[in-house]
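Quick notes on the structure that follows.
Please treat every number below as a calculation from the coordinates, not as lab data. Fair warning: this is a prediction, and the values are worked out from it, not measured in the lab. Note that each Cβ is placed from the backbone with ideal geometry, even for glycine, and that neighbours are counted across all protein chains shown.
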Amino acid sequence: MCDMLDNKLGNRLRVDFSNVSKQIEIPNLLQLQKKSFDYFLNLDNGESGIEKVFKSIFPIHDPQNRLSLEYVSSEIGKPKYTIRECMERGLTYSVNLKMKIRLTLHEKDEKTGEKVGVKDIKEQEIYIREIPLMTDRVSFIINGVERVVVNQLHRSPGVIFKEEESSTVANKLVYTAQIIPDRGSWLYFEY
């Protein structure tokens, strides 16, 4: 698998990994984004990521606890235009998101203030918005232009201390500190 060389650097034995006999298969780097977006919308009629978000928000109650707004279901439509038509017409390749909600009006006992029963129930399907749809090439068509999502690495929040040689003065150490907040601007201190 790897060849060990007899070259010694001080007390260390050098190991050469450049002569690996087995070719490593190149992974599909876009697969993570595709799987994540498919889970978010889940067009295969299972529970999707967007369903979990709706279920975590609902039900919503008013302060007097007389009304409750409940999530029933959501529906993702079909695209109106093909990818090619969206590019030619300068449109966004997207689907409609609709949600069915239920509004319940409860009867309350005037003396105790507790719920006695249900006075009225209304159920309605409402249009939420259009959601851009990912193409097979793991890109989005926004206003007729193909766009891609680029992942960005960022540092974890915390404090980092460093000791470095000065770039302007020889044989002088410069002490620096970085404060990286969860949100907001980074702070740099230099001494």
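Computed from label points 7 Å out along Cα-Cβ, the spacing between HIS154 and VAL174 is 2.6 nm.
Rounded to 0.05, the FRET efficiency of the SER185 and LYS35 pair, given R0 = 41 Å and the Cβ-Cβ distance, is 0.75. Only one of the values (1) 1.01; (2) 0.96; (3) 1.21 was calculated from this structure for Rg/Rh (Cα atoms, Kirkwood Rh); name its label. Of the labelled values, this structure produces (3). In this rough spin-label picture, where each label sits 7 Å from Cα along the Cβ direction, the LYS22-LYS100 distance is 5.2 nm. Taking a straight Cα-Cα cut-off under 21 Å and skipping sequence neighbours fewer than 8 places away in the same chain, the lysines within cross-link reach of LYS162 are LYS172. Counting Lys and Arg as +1 and Asp and Glu as -1 over every other residue whose Cβ lies under 15 Å from the Cβ of LYS98, the net charge comes to 0.
Return the subset of LYS98/LYS122; LYS34/LYS122; LYS55/LYS111 for which the Cα-Cα distance in this structure is over 28 Å, preserving the input order.
Numbers: LYS98/LYS122 17 Å; LYS34/LYS122 38 Å; LYS55/LYS111 33 Å.
Violating the 28 Å Cα-Cα cut-off are LYS34/LYS122; LYS55/LYS111.
What is the calculated FRET efficiency for GLU146 to ARG14, with r their C-beta to C-beta distance and R₀ = 30 Å, to the nearest 0.05? For R0 = 30 Å, the calculated efficiency reads 0.05. To the nearest ten degrees, helix 31-41 and the longest principal axis of the Cα atoms of the chain are 10 degrees apart.
Give the peptides 65-76, 154-165 in descending order of average Cβ contacts within 10 Å, highest first. Before the final figure, lay out the partial values.
Details: 65-76: 14.8, 154-165: 9.4.
Peptide ranking by packing, descending: 65-76, 154-165.
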